[in-house]
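Engineer: If you scroll down you'll find the structure; I have some questions about it.
The values are calculated or read from the model by the stated rules, or taken from the named source; none is laboratory data. From a predicted model like this one, the values you see are computed outputs, not experimental measurements. Heads up, the Cβs are rebuilt from the backbone with ideal geometry, glycines too, and the neighbour counts pull from every protein chain shown. The protein model used for the area step is the full one, side chains on, heavy atoms only, and it has no ligands, DNA or RNA in it. Shrake-Rupley method; radii C 1.70, N 1.55, O 1.52, S 1.80 Å.
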Amino acid sequence: MSYQRLPYADWGWAELRAVLAAMLCGRIRRGPGARQLAGALAGLLTVPHVLPVNSGRTALRLGLEALMQLRPGSNEVIIPAFICPAVVEVVNLLGLVPVFANVGADLNLDPGGCEQRIGSRTLAIIVAHMYGCPAKIEAFATIAKAARVFLVDDAAQVVGESVGGRMLGTFGDFGVLSFAQSKCVVTGESGGGGVLICHENEVLPIVRARVAGLAPAEGRLRALVAFFWNYLLESHTAALSYRWQRLRQQVLGARVRGLVPAGIANLDACLALVQLNSLSRRREQRLRILGQYADVLAAPGDPWLMPQFAPGRYLARVMVSLPPGVELDECQRQLRRESVCTRRGYATHSPASCSAGGSPDPGAGLIELPAYADMTAKDVAEVCQRLRRVAAAYRQCVSNRQDGDDHERCYQ
């Protein structure tokens, strides 16, 4: 079986030409790309103001700083219990208090659970469309208005999808997009780009002045090389990258460099424009793959759950819930031996009080499956076959341990 990879980015010759053009013209940091990108996104999203920056984290940070300036007495931010760690990091970085609220079966923030968490010190509600699955954003707009708190529309993982005829990311007091790996539009690793989506409100003059004072991001060629190595060539470099990271930790220790707010570099803006041009095509490819997974995994007598799937719904990742009794880490390890690359879901915060349907952790058994652009129906069927085989072998292994069977022989 050929190596089945995760969809970190769908790049082709158009993206490579954009990179070469920026390099040959000496326009890595500065150029017309940011202005052109802002215009393209404003037209796509039908909003008056789009402010490109160097990441979704920067966009969220600048927006929250503006809200803090407008409501200095409020310091709590309601966020989903199942959420990208970057959101929590930004909230903590600003000295705000994250208040985790229930998520539903679709892994999105639950309106009822959110209302229960609103208090006198609530500054804002951050509503993320998890893995591209649309949250009940219209309900949250009503809740935020009634409670007189700010609403942040976190569409970092989805671009160009709509609810009720309105694009995700355009609800609330401001919205956020990200162009990091595994997103709809990918320009590179974290730090490669993002945008603030703004309206004619009290937030706009604050963030516009802040963004205007940011210099374009530096070090983008070095980051581009890292992106190629860590993601685009991952099937060839994964083992060496793992050993290098272990060596760095042992010799230098764990050093985490914070992302400094900056404007988007011209190179990243040009790459985002190229990705926007192919957005429709890539969306159709993903819908095809999602449908194929749904058909194969819904086999009679052995159904597997895709908690966010619905016909015609775009998802940034193919997430599947493992059957009860199958240990996630072991399943991933065995699938890696089968040349199937996977990734687990986010960890859930405060699982004792923020679970869905009584489950202690809605993300505990979630695993992401390959969904690269040129994946065929045969590839999907083979991935599912290997997944079922590994899960069945694990269950058999667990049942036979009392007889003293060797753990590794269960998978042979």
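Engineer: Would you confirm, using the coordinates I've provided, whether residue 64 is in contact (Cβ under 8 Å) with a residue 12 or more places away in the chain, farther than 26 Å from residue 367 by Cβ and not charged (D, E, K, R)? Break it down stepwise before answering.
Structural biologist: Details: in contact (Cβ under 8 Å) with a residue 12 or more places away in the chain: yes; farther than 26 Å from residue 367 by Cβ: yes; not charged (D, E, K, R): yes.
Yes; evaluated as a whole, the condition is true for this residue.
Engineer: Looking only at the range 282-304, decide whether some residue is in a loop (DSSP other than H, G, I, E, B), modelled with pLDDT under 95 and of a type in the set (A, V, I, L, M). Give the steps one after another, and end with the answer.
Structural biologist: Going residue by residue through the range 282-304, those that are in a loop (DSSP other than H, G, I, E, B) are 298-304.
Next, only the ones that are modelled with pLDDT under 95 stay: 298-304.
When the remaining residues are screened for being of a type in the set (A, V, I, L, M), the result is 298-299.
Yes, some residue in the range 282-304 is in a loop (DSSP other than H, G, I, E, B), modelled with pLDDT under 95 and of a type in the set (A, V, I, L, M).
Engineer: Can you pull out the residues in the range 1-10 that are open to solvent by less than 40 Å² (accessible area, probe 1.4 Å) and in a loop (DSSP other than H, G, I, E, B)?
Structural biologist: Just the residues of the range 1-10 that are open to solvent by less than 40 Å² (accessible area, probe 1.4 Å), to begin with: 4, 6-9.
If the condition is that a residue be open to solvent by less than 40 Å² (accessible area, probe 1.4 Å) and in a loop (DSSP other than H, G, I, E, B), then 6, 7, 8, 9 are the ones that fit.
Engineer: Separate question: Assess whether residue 94 counts as being buried (at least 23 other Cβ atoms within 10 Å of the Cβ) and under 23 Å from residue 199 (Cβ atoms).
Structural biologist: On the way: buried (at least 23 other Cβ atoms within 10 Å of the Cβ): no; under 23 Å from residue 199 (Cβ atoms): yes.
Answer is no for this residue.
Engineer: Step by step: first the residues of the range 18-39, then only those that are part of a helix (DSSP H, G or I) and without any contact (Cβ under 8 Å) to a residue 24 or more places away in the chain, then the one that is least open to solvent (accessible area, probe 1.4 Å). Which residue is that?
Structural biologist: Step one: filter the range 18-39 for residues part of a helix (DSSP H, G or I), giving 18-24, 33-39.
When the remaining residues are screened for being without any contact (Cβ under 8 Å) to a residue 24 or more places away in the chain, the result is 20, 24, 35, 39.
Values: 20: 101, 24: 153, 35: 167, 39: 49 Å².
In this case the residue turns out to be 39.
Engineer: Has the range 100-113 got at least one residue that is open to solvent by 20 Å² or more (accessible area, probe 1.4 Å), aromatic (Phe, Trp, Tyr), farther than 30 Å from residue 320 by Cα and modelled with pLDDT of 95 or more?
Structural biologist: No, the conditions are met nowhere in the range 100-113.
Engineer: A further question follows. Please pick out the residue among 224, 168 that is buried (at least 16 other Cβ atoms within 10 Å of the Cβ) and without any contact (Cβ under 8 Å) to a residue 40 or more places away in the chain.
Structural biologist: Working: 224 fails: without any contact (Cβ under 8 Å) to a residue 40 or more places away in the chain.
Among 224, 168, only 168 is buried (at least 16 other Cβ atoms within 10 Å of the Cβ) and without any contact (Cβ under 8 Å) to a residue 40 or more places away in the chain.
Engineer: Out of 336, 344, 317, report the one residue that is open to solvent by 50 Å² or more (accessible area, probe 1.4 Å) and closer than 12 Å to residue 368 by Cα. Outline the logic, then answer.
Structural biologist: Working: 336 fails: closer than 12 Å to residue 368 by Cα; 317 fails: open to solvent by 50 Å² or more (accessible area, probe 1.4 Å).
Among 336, 344, 317, only 344 is open to solvent by 50 Å² or more (accessible area, probe 1.4 Å) and closer than 12 Å to residue 368 by Cα.
Quick grid of which residues meet (1) without any contact (Cβ under 8 Å) to a residue 60 or more places away in the chain; (2) in contact with a helix residue (DSSP H, G or I) (Cβ under 8 Å, 6 or more places away or on another chain); (3) open to solvent by less than 40 Å² (accessible area, probe 1.4 Å); (4) of a type in the set (A, V, I, L, M):
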| position | (1), (2), (3), (4) |
| --- | --- |
| 129 | yes, yes, yes, no |
| 140 | yes, yes, yes, no |
| 162 | yes, no, no, no |
| 186 | no, yes, yes, yes |
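Engineer: Return the residue satisfying two criteria in turn: it lies in the range 273-295 and is open to solvent by less than 30 Å² (accessible area, probe 1.4 Å) and without any contact (Cβ under 8 Å) to a residue 60 or more places away in the chain, and of such residues it is nearest to residue 41 (Cα to Cα).
Structural biologist: Checking each candidate, the answer is 291.
Engineer: Sticking with this one: Quick check on the range 42-65. Is at least one of its residues within 20 Å of the chain's Cα centre (by Cα), of a type outside the set (Val, Ile, Thr), at pLDDT 95 or above and assigned to a loop (DSSP other than H, G, I, E, B)?
Structural biologist: yes
Engineer: Test each condition in (1) in contact with a strand residue (DSSP E or B) (Cβ under 9 Å, 6 or more places away or on another chain); (2) open to solvent by 30 Å² or more (accessible area, probe 1.4 Å); (3) modelled with pLDDT of 95 or more for residue 270 and report the one that comes out false.
Structural biologist: With respect to (1) in contact with a strand residue (DSSP E or B) (Cβ under 9 Å, 6 or more places away or on another chain); (2) open to solvent by 30 Å² or more (accessible area, probe 1.4 Å); (3) modelled with pLDDT of 95 or more, residue 270 is out only on (1).
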